[in-house]
Amino acid sequence: MKLLHEDRLFPADPETRAIARRLYGSISDLPIVSPHGHTQAAWFAHNQPFPDPAKLFVQPDHYVYRMLYSQGVSLDDLEIGVPELKNPRKVWRIFAEHYYLFRGTPTRIWLDYAFHKLFGLEERLSAKNADHYYDTIAEKLRTPEFLPRALYERFKIEVLATTDSPLDSLIDHQAIRDSGWKARILPTFRPDSVVDPDFAGFRDNIAKLGGLTGEDTGDWIGYLRALEKTRARFKQLGCTATDHGHPTARTANLSRDEASSLYSQILKGSTDPKQRELFRAQMLTEMAGMSVRDGLVMQIHPGSFRNHNRLVYERYGRDTGADIPMPTDYVRALHPLLERYGNEPGLTVILFTLDESSYSRELAPLAGHYPCLRLGPPWWFYDSPEGMLRFRETTTETAGFYNTVGFNDDTRAFLSIPARHDVARRMDCAYLARLVAEHRLDEDEALELAHDLAYNLVRKAYKL
Amino acid sequence: MKLLHEDRLFPADPETRAIARRLYGSISDLPIVSPHGHTQAAWFAHNQPFPDPAKLFVQPDHYVYRMLYSQGVSLDDLEIGVPELKNPRKVWRIFAEHYYLFRGTPTRIWLDYAFHKLFGLEERLSAKNADHYYDTIAEKLRTPEFLPRALYERFKIEVLATTDSPLDSLIDHQAIRDSGWKARILPTFRPDSVVDPDFAGFRDNIAKLGGLTGEDTGDWIGYLRALEKTRARFKQLGCTATDHGHPTARTANLSRDEASSLYSQILKGSTDPKQRELFRAQMLTEMAGMSVRDGLVMQIHPGSFRNHNRLVYERYGRDTGADIPMPTDYVRALHPLLERYGNEPGLTVILFTLDESSYSRELAPLAGHYPCLRLGPPWWFYDSPEGMLRFRETTTETAGFYNTVGFNDDTRAFLSIPARHDVARRMDCAYLARLVAEHRLDEDEALELAHDLAYNLVRKAYKL
Amino acid sequence: MKLLHEDRLFPADPETRAIARRLYGSISDLPIVSPHGHTQAAWFAHNQPFPDPAKLFVQPDHYVYRMLYSQGVSLDDLEIGVPELKNPRKVWRIFAEHYYLFRGTPTRIWLDYAFHKLFGLEERLSAKNADHYYDTIAEKLRTPEFLPRALYERFKIEVLATTDSPLDSLIDHQAIRDSGWKARILPTFRPDSVVDPDFAGFRDNIAKLGGLTGEDTGDWIGYLRALEKTRARFKQLGCTATDHGHPTARTANLSRDEASSLYSQILKGSTDPKQRELFRAQMLTEMAGMSVRDGLVMQIHPGSFRNHNRLVYERYGRDTGADIPMPTDYVRALHPLLERYGNEPGLTVILFTLDESSYSRELAPLAGHYPCLRLGPPWWFYDSPEGMLRFRETTTETAGFYNTVGFNDDTRAFLSIPARHDVARRMDCAYLARLVAEHRLDEDEALELAHDLAYNLVRKAYKL
């Protein structure tokens, strides 16, 4: 049995499948544009080999270990949060033994893709072949072909955006540029640490921001100027977008005096949760205003209840698989921002959701009207075959294809990037093929759309 | 390439498609019953030619220009809100140039249908053939075959309901009757302007209502009597239904004294939003009571955040594509009305939603129990192939087919009526064909159902 | 025409159907494990013949008569709530005449299955053959093959759980054991009547609970002890699970003093709805704590607005088809319970929902992380082909298959048990077949999964 079938993810109906094949064949070799993700610029700055298989595939991937944990595997046994793995082979064996848990999940598809395409493995991972997998992968990782820069080129990546704090010096991004290596690795301005009063160390962060920019961040105007300067610093290294990960999509439209006074209270720490939520809301609108002026594309990623499992958070830290989606309102929440900037010609705001019920009800109707709005691709748990299909089925009829922005891999797992883009391309072709087979679209249009969804729209939306 | 394939919208699987074809073949020629829409009685009263293509297809259709606006086309360039188009050909060219934006949308299906079936056009609209389209359409519009009454007959319309204010004299409806033309064009009683305190000019409208009916609308009892008299006036011109477009589905069950006192406050204008919402809620229950007595079928269309884009509203007015759906509760909201009238034998209340998550959770369970409730067809943004499929998939198993009421075209675009009914018939046949192919229904039952869904249920539900 | 096609519910695409057939063929004969339902232990204790067809198929089944009522059939004519039917043949004829209303519903599938498999009927029920049906069924019901124990064996039931009040003596369960009949019929601990202050007779029930256990239930500690003792009594008769049917999923985490004081107020009756909701919330957490200690699996069934139709409730009582689902929050609601017990190794909490929008947004992400959580199968209105498909499509990619627990028939209608399990098995095979046909799963894995979903997972989750 082969790990990857050439027709994987295509509809079973033979005629529809044949159309999907033709569409996919026309785009499968396009370069990868990755405008949003969580790879590390340091990998490419230093170009050191990736460590062992467990460190590569298990430890950084909360999709993997949240499933194992849900079925009773101990996070300690998986050495989660341990900087240097003590027994990577043991971790790998636990993973292999539980690989059947991933049946029907996108994680399985991404992993099989990497196992097969990168490491030439042919047989499904299981307890039996765990050591063979481990040895094969470990050996390849030591070769020059598996250094980060070599993989970047092998993956045919055209642009790769990272996600960075305003407090980051971007030294690794600078080093990549200085190295003369011809790759386009760009920072993204992610200001949560300095705009969310509930972020750990918020007030220290504000002070650091002042230090880095030479502005008096103790004052509302100085604070805004510090943010503007930092955005300009990011832009100099190629940044084209900002990213905002608030608990809700709420925005506000305070007067300058109200905002200034709220900021003072926030800095004093004498606020309640409502005021902190109002501050985050106002900051989204401020960021939109700055985007109108400096042209950075704005991404809003709301709706996650972070660190839902306190015990896991306290022992293993943030981003450990215990962030859970919540119902998310957009129609009322975005109204203040849209009332102020919604008709600005130069502005682009890309909306994401973890609440799929909002696609047909709120997001597609909003994006099908406001010139500044675009729909981000299905995100996080929905970055999956069914999630992608539901996204197209619930947004296309109201917002069309051209208010969407192509695919984001959004990953911490560098090796999964080609697999994730491949899934997105196949699912878009599967959807388009169905439209063609049902005579809702002509095949020449579908060919053009396949190319737009895989390549053109992302470049346009993110100004790449 | 042909604009319309004879198998369009049918499932690709050959056996299922063959069943769908047989079902559709048995109903494709049935007359159109259109119990809810926004065409103008004046068209049929005066029977004047429709003006140019832009005025016909672009200017009145917010489905069309909301999409263009979302992609940066200026509403001024499209001459939206301009009573006499200055440069209809220029507007048409902009439209044609952006026609690709409608790929995958129902608008595209409706337009292609009209272009092909009415105007004999064979090639997909684009910048290249914009003028050919314009000239072809403009020429035909000047012929007698394209006068409103001729089209009504050509479309095989059996009944066509308009939507009318209680303040409307219905003079055009009267004129149609007086003309001796044998068509059934009926008014629908839509009282938002006189039951919603937030409606522009509400208090003036109440005064006018008093004038028209000879009742003292300064008083609760007189106000109710004025509404009853107006309903009776509508009934005399064939009206069988009322229509209620509230922001929410909330109903109330106040005592006569409470209602009377709330009405006094409303008239004084000394109310807050909660009281105005309570008044709308009470009025739904009052309307249900009147329906119990006079037999008018009640339609409830809740859940739209109207005029979300203030700038567009101020410049271009209402109904310009910036109404956005909101989450809508039915189970608690309708409870007061249902507690009072839910088991009345003669009452019919047809529920619509813009929140598809309520179909399986609330609407189908409600309609599958209360004898007065029926489910309206998918509405507005969901009047589309995927929307129709989701409607059947999420309601049939709990409410069955017989608690639904056939199709509403709900359109301002007269020429799209046959296209919209055709899409609904095809999608219902597609769904039924799947049930037959999966042996969940026998084909003789599906044939009967296809006929019921296209023709019988709407006549029964709307008492036509 | 045959009532049951051997390929029913399988996808129409020939290749996918062939896979589904193979998968189903490998599990269709597995024994039935029914861990949650509402059959009566008394039937098996006394083993008396079931009465007439109307009493068997119409009177106890609110799925049946809610549909008839929604279409104007009088509940009095159906003799709902009448202990001894006066005219069962008349009731049956009304039912037969309206059988077409069930087209497209799971009720139709279940009934056709029983009519055909148990009674050998071949022709679709209608007004024409109503008497033939009645006579055929009535005759068979008088034979020994149709006694409850004979049917239990014929259905190949391996385990059957009932649902029982803590105030129930479980005398029938004891009698079954004492009879020496080798069947595994187990009680389930359903404490609503003694943990929900809004339950009719709550305070009397608390007093009875004290009497039955010899504990002072006037006191918080005595009350908890009484519950623990009752759970132990249930366990002695084989009970492995508890079941909790609260209006919401809300949980709380009060200190012992707070809880004790709240309980005193509850007993005094001097509480408002918020306090009663808080008490229910606290009791879910208490029950989870007891489950940690005694190992009973905890089922949470939230989200129903009970007795929505007051008139029907007053005339015909509870559970008469007027319970309507509501939007249900899990992420915040379960947080207190999960914070306290979510990482306990021995605990199993099975979550159900009537709000399908929560599957992909909340339930799958929660179950794909917390080791104690599992997803119950689609419940109530969603125990249907489309409901089952949506369940798999919206949960598998995030929670996998192994965080689900197989099927619950949850029925009061004993004769529908094999039909319901058959539908679940077919739909799981249909879903798996699609994954195989789309090369998202290998067929050997699908075969293993089919067996797990039909048989292994339920035994493991419910500790059977």
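The values are calculated or read from the model by the stated rules, or taken from the named source; none is laboratory data. No experiment lies behind these values; they were computed from the predicted model shown. Cβ atoms come from the backbone with ideal geometry, glycine included; neighbour counts cover every protein chain shown.
Checking the condition aromatic (Phe, Trp, Tyr), more than 30 Å from C:Leu453 (Cα to Cα) and in contact with a helix residue (DSSP H, G or I) (Cβ under 9 Å, 6 or more places away or on another chain), which residue from A:Phe146, A:Phe115, A:Phe102 passes? Residue meeting the stated conditions: A:Phe146. Among the conditions (1) in a loop (DSSP other than H, G, I, E, B); (2) within 13 Å of chain C (Cβ to nearest Cβ); (3) in contact with a helix residue (DSSP H, G or I) (Cβ under 6 Å, 6 or more places away or on another chain), the only one that A:Asp76 does not satisfy is (3).
Against the condition out of contact with any Phe, Trp or Tyr (no Cβ under 6 Å at 6 or more places or on another chain), away from chain A (no Cβ under 14 Å) and modelled with pLDDT under 95, how does B:Gln59 come out, does it pass? The answer is yes for B:Gln59. When you scan the range A:330-337, do you find a residue that is part of a helix (DSSP H, G or I), surrounded by fewer than 23 Cβ atoms within 10 Å (Cβ to Cβ) and within 14 Å of chain B (Cβ to nearest Cβ), even just one? Yes, because at least one residue in the range A:330-337 is part of a helix (DSSP H, G or I), surrounded by fewer than 23 Cβ atoms within 10 Å (Cβ to Cβ) and within 14 Å of chain B (Cβ to nearest Cβ). Scanning the range C:10-38 for residues that are surrounded by 22 or more Cβ atoms within 10 Å (Cβ to Cβ), under 17 Å from C:Pro418 (Cβ atoms) and in contact with a helix residue (DSSP H, G or I) (Cβ under 7 Å, 6 or more places away or on another chain) yields a count of 5.
Look at (1) over 20 Å from A:Thr162 (Cβ atoms); (2) aliphatic (A, V, I, L, M); (3) assigned to a helix (DSSP H, G or I); (4) touching a residue at least 60 places away in the same chain (Cβ under 8 Å) and you find that A:Leu56 fails only one, number (1). The residue of the range A:388-408 that is surrounded by the most Cβ atoms within 10 Å (Cβ to Cβ), among those that are in a helix (DSSP H, G or I) and away from chain B (no Cβ under 11 Å), is A:Phe391.
Filtered by the rule that a residue be within 14 Å of another protein chain (Cβ to nearest Cβ), surrounded by fewer than 19 Cβ atoms within 10 Å (Cβ to Cβ) and hydrophobic (A, V, I, L, M, F, W, C), the range B:448-464 gives no residues. When only residues in the range B:248-272 that are of a type outside the set (Gly, Ala, Ser) and without any contact (Cβ under 8 Å) to a residue 40 or more places away in the chain count, which is nearest to B:Ala461 (Cα to Cα)? So, considering only residues that are of a type outside the set (Gly, Ala, Ser) and without any contact (Cβ under 8 Å) to a residue 40 or more places away in the chain, the one nearest to B:Ala461 (Cα to Cα) is B:Leu254. Among (1) at pLDDT 95 or above; (2) within 28 Å of C:Tyr402 (Cα to Cα); (3) buried (at least 19 other Cβ atoms within 10 Å of the Cβ); (4) not polar (S, T, N, Q), where does A:Asp77 come up short? Of (1) at pLDDT 95 or above; (2) within 28 Å of C:Tyr402 (Cα to Cα); (3) buried (at least 19 other Cβ atoms within 10 Å of the Cβ); (4) not polar (S, T, N, Q), only one is false for A:Asp77: (3). Residues that are in contact (Cβ under 8 Å) with a residue 40 or more places away in the chain and either within 11 Å of chain B (Cβ to nearest Cβ) or assigned to a loop (DSSP other than H, G, I, E, B) (or both) within the range C:373-386 comprise C:Gly376, C:Pro377, C:Trp379, C:Trp380, C:Phe381, C:Asp383, C:Ser384, C:Pro385, listed in sequence order. Which pairs have Cβ atoms under 6 Å, sit 6 or more apart or on different chains, and link a residue in the range C:165-182 that is over 21 Å from C:Val194 (Cβ atoms) to one that is at pLDDT 95 or above and among the aromatic types (Phe, Trp, Tyr)? So the pair list comes out as C:Ile176/C:Phe44. Checking the structure you have, find out if any residue of the range A:261-277 is within 30 Å of A:Val159 (Cα to Cα) and either under 28 Å from the mean Cα position of the chain (by Cα) or assigned to a loop (DSSP other than H, G, I, E, B) (or both). No: the range A:261-277 contains no residue that is within 30 Å of A:Val159 (Cα to Cα) and either under 28 Å from the mean Cα position of the chain (by Cα) or assigned to a loop (DSSP other than H, G, I, E, B) (or both).
To keep it simple, each residue is scored yes or no on (1) at pLDDT 95 or above; (2) charged (D, E, K, R); (3) crowded, with 19+ Cβ neighbours inside 10 Å.
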| residue | (1), (2), (3) |
| --- | --- |
| B:Tyr134 | yes, no, yes |
| B:Arg149 | yes, yes, no |
| B:Ile157 | yes, no, yes |
| B:Thr162 | yes, no, yes |
| B:Leu167 | yes, no, no |
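Of all residues in the range A:350-370, those satisfying the criterion of being of a type outside the set (Ser, Thr, Tyr) and more than 9 Å from every other protein chain (Cβ to nearest Cβ) are A:Ile350, A:Leu351, A:Phe352, A:Leu363.
Please verify whether A:Met283 is in contact with a strand residue (DSSP E or B) (Cβ under 6 Å, 6 or more places away or on another chain) and either surrounded by 20 or more Cβ atoms within 10 Å (Cβ to Cβ) or within 14 Å of chain C (Cβ to nearest Cβ) (or both), treating the condition exactly as stated. Can you show your working first?
Details: in contact with a strand residue (DSSP E or B) (Cβ under 6 Å, 6 or more places away or on another chain): no; either surrounded by 20 or more Cβ atoms within 10 Å (Cβ to Cβ) or within 14 Å of chain C (Cβ to nearest Cβ) (or both): yes.
So A:Met283 does not fit the description; no.
If the condition is being surrounded by 22 or more Cβ atoms within 10 Å (Cβ to Cβ) and in contact with a helix residue (DSSP H, G or I) (Cβ under 9 Å, 6 or more places away or on another chain), then the range C:287-300 contributes C:Met287, C:Ala288, C:Ser291, C:Leu296, C:Val297, C:Met298, C:Ile300.
Candidates C:Tyr152, C:Tyr63: the one that is assigned by TED's automatic domain parsing to the domain that holds C:His421 and either without any contact (Cβ under 8 Å) to a residue 60 or more places away in the chain or within 24 Å of the chain's Cα centre (by Cα) (or both) is C:Tyr152. Within the range A:435-447, if we keep just the residues that are more than 7 Å from every other protein chain (Cβ to nearest Cβ) and touching a residue at least 60 places away in the same chain (Cβ under 8 Å), the residue that is nearest to B:Glu6 (Cα to Cα) turns out to be A:Val436.
Of all residues in the range A:141-175, those satisfying the criterion of being part of a helix (DSSP H, G or I) and under 16 Å from A:Arg233 (Cβ atoms) are A:Ile171, A:Asp172, A:His173, A:Gln174, A:Ala175.
Figure legend. Inter-residue proximity from the range A:1-20: first residues at positive phi and outside the structural domain of A:Leu118 (by TED's automatic domain parsing), second residues of a type in the set (Val, Ile, Thr) and in a helix (DSSP H, G or I), beta-carbon distance below 9 Å, spacing 6+ or different chains. Indicated pairs: A:Leu9/A:Ile109; A:Leu9/A:Val423. Please verify whether the range B:301-317 includes one or more residues that are facing another protein chain (nearest Cβ under 7 Å) and free of Cβ contacts under 8 Å to residues at least 12 places away in the same chain. Yes; the residues of the range B:301-317 include at least one that is facing another protein chain (nearest Cβ under 7 Å) and free of Cβ contacts under 8 Å to residues at least 12 places away in the same chain. Within this structure, A:Pro166 fails the test of being under 23 Å from A:His421 (Cβ atoms) and in the same structural domain as A:Phe279 (by TED's automatic domain parsing).
The numbered conditions (1) out of contact with any strand residue (DSSP E or B) (no Cβ under 9 Å at 6 or more places or on another chain); (2) surrounded by fewer than 21 Cβ atoms within 10 Å (Cβ to Cβ); (3) not polar (S, T, N, Q) are all true for A:Pro247 except (1).
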